[in-house]
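Take a look at the structure set out below.
The values are calculated or read from the model by the stated rules, or taken from the named source; none is laboratory data. These numbers come from a predicted model, not from an experiment. Here the Cβ is made from the backbone with ideal geometry for all residues, glycine too, and neighbour counts use every protein chain on show. Heads up: the accessible areas ignore ligands, DNA and RNA and are worked out on the full protein's heavy atoms, side chains in. Shrake-Rupley method; radii C 1.70, N 1.55, O 1.52, S 1.80 Å.
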Amino acid sequence: MVVSYFKVYVACQSMLVVLVGAVPEYHIDQEGIPASRAELAKHIHFADNFTSIVTEASTSWYLIEREAYKVSLASSLFFAGLLIGNITFGPLSDKLGRKPVYISGLFFDVVFGYVTALAPNYDVFAVSRFFVGIVNGGMALVSFVLTQEYVGKSFWSFTGSLTNLTFAVGIAVYALLGYCIREWRYLALVSNTLGVIFLLLSFMLPESPRWLYSQGKTAEAEDVLQYIALGNGKERLNLKLKPSAGTFRKDESAPGILNLVKHPVLRWRTIILMYIWYVCSFVYYGLTLNAGELRGNLYLNVALSGLVEVPAFPLCMFFIEKSWSGRRKTMTCFLIFAGFACVFTMFLPTNAGLLLSPTLLALCGKMMVSAAFNIVYIYTSELYPTVLRNAGLGVCSMSCRFGGVLAPFVPSMKSLSPSVPFVVFGVSGLSAGFLTLLLPETLNKPIAESIEDLQSPKYQVLKNE
């Protein structure tokens with residue numbers, strides 16, 4: 001499915017600064033640091049056989065020494081953009097439809113991606129990363145919801161896991177591209193061109209039948225379901241949908257984001273989920289971006305940080321469908337295990353060997369938190385009714401992006417002690433894991449279509465098996 005596999009492109013954009021902002025070994029052939037960047041350009045020599053925004057020849061670049069913080073700043077601006085995109089695109093897609101908002105976001109993502117690759121100076125590069133973050137985060141969120149709403153609830157764990165799995169694979173693909181393309185501008189151009197391919201394919205997608213149904217457009221929803229059935233090789237169905245009980249009239253406004261605060265059930269769910277999303281992003285991106293600072297081959301470390309997630313997805317699919325574990329207990333366990341994996345790094349010496357190295361524990365923590373991140377997408381989708389699903393996911397993703405904004409700066413805390421960043425990630429994971437226990441289980445529950453559905457007993461108790 002196009003909207004699942006396009007996460008490869010999203011991963012390339014999210015990880016862009018890890019390689020195009022990598023700092024190669026260098027030396028300055030004079031004592032002290034030159035007063036100006038123009039003077040610095042005459043005396044600095046980079047050792048490695050790749051380029052990055054750090055090594056750009058223009059005097060407005062050279063992001064080392066006093067300017068080194070600008071690499072992390074560009075990454076944080078991207079995540080700040082994601083925050084804005086999550087706030088705006090979710091409610092927009094609830095009102096205007098999933099498909100038009102998704103395609104519009106992907107179009108502008110590609111446009112700003114090319115601006116990034118061709119940026120004449122750091123300022124343009126940083127601003128373009130901010131705008132890439134806005135459209136990238138917004139349409140990635142909408143695309144996930146669109147993927148879920150194309151299929152029945154029994155397939156949500158599979159499609160949700162597949163979507164997030166392609167993101168992990170995308171990290172490895174980006175590392176391979178970086179290994180083959182050592183010039184940062186060419187790498188940014190090639191990575192962004194993947195978006196053009198997915199943009200052209202996306203025009204063939206239908207609108208979400210669940211969204212159409214929730215808007216009272218039952219005839220259009222029936223047409224989309226017929227289209228999907230024919231695409232699956234089924235014969236034409238005699239399909240007739242009943243009007244949605246929660247459908248609002250044309251003279252009424254659609255349920256807005258304030259309903260997440262007004263409705264008592266949704267209010268507490270949203271507060272807890274916002275913190276869990278924040279922690280998942282904070283730990284996930286903190287460990288992912290830290291891959292560029294680990295010892296060893298840069299490209300191998302980045303690829304491993306993606307590939308280590310792959311085993312997490314079959315584990316998710318297995319546990320979240322079992323009645324004795326479900327969504328809530330499984331996510332709790334993954335977050336707690338991720339927390340302990342990070343905390344235990346403080347007890348290991350850096351030269352303890354591969355099997356007991358902090359790097360190995362960090363990769364284990366990455367696998368666990370990526371599993372939790374995968375589940376929280378699926379779990380959150382099931383906790384909100386259709387009319388507010390994108391708004392709910394948007395608010396949760398907003399808090400998630402605060403974690404992404406802070407994550408690039410946490411590895412710098414290793415100046416206090418090499419284990420400090422991992423302890424910060426570990427404590428965060430443990431706290432989120434225990435908070436998850438306050439949420440209801442959604443396994444074997446029907447999906448609410450409207451706010452009114454939340455009052456019905458059948459949405460409050462598990463179905464009898």
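General observations
- Apportionment of accessible area to carbon and sulfur, segment 254-453, percent (1.4 Å): 74 percent
- Accessible surface area normalised per residue over segment 254-453 is 38 Å², counting heavy atoms of protein chains with a 1.4 Å rolling probe.
- If you plug the beta carbon distance of Ser417 and Arg182 into 1/(1 + (r/R0)^6) with R0 = 35 Å, you get a FRET efficiency near 0.55.
- Over 21 Å (Cα to Cα) - which of Lys99/Lys240; Lys329/Lys445; Lys7/Lys366; Lys329/Lys414 fall in this group: Lys99/Lys240; Lys329/Lys414
- Förster-model FRET efficiency, 35 Å R0, Ile271 and Lys153, C-beta, rounded to 0.05: 0.90
- Label point 7 Å beyond Cα of Val111 along Cβ direction - residues of segment 139-154 with amide nitrogen under 17 Å: 139-140
- Take the Cβ atoms of Trp324 and Ile103, set R0 to 35 Å, and the FRET efficiency comes out at 0.25.
- When the convex hull of its Cα atoms is projected in every direction, mean area for segment 254-453 (nm²): 11.6 nm²
- In this rough spin-label picture, where each label sits 7 Å from Cα along the Cβ direction, the Lys242-Thr193 distance is 5.3 nm.
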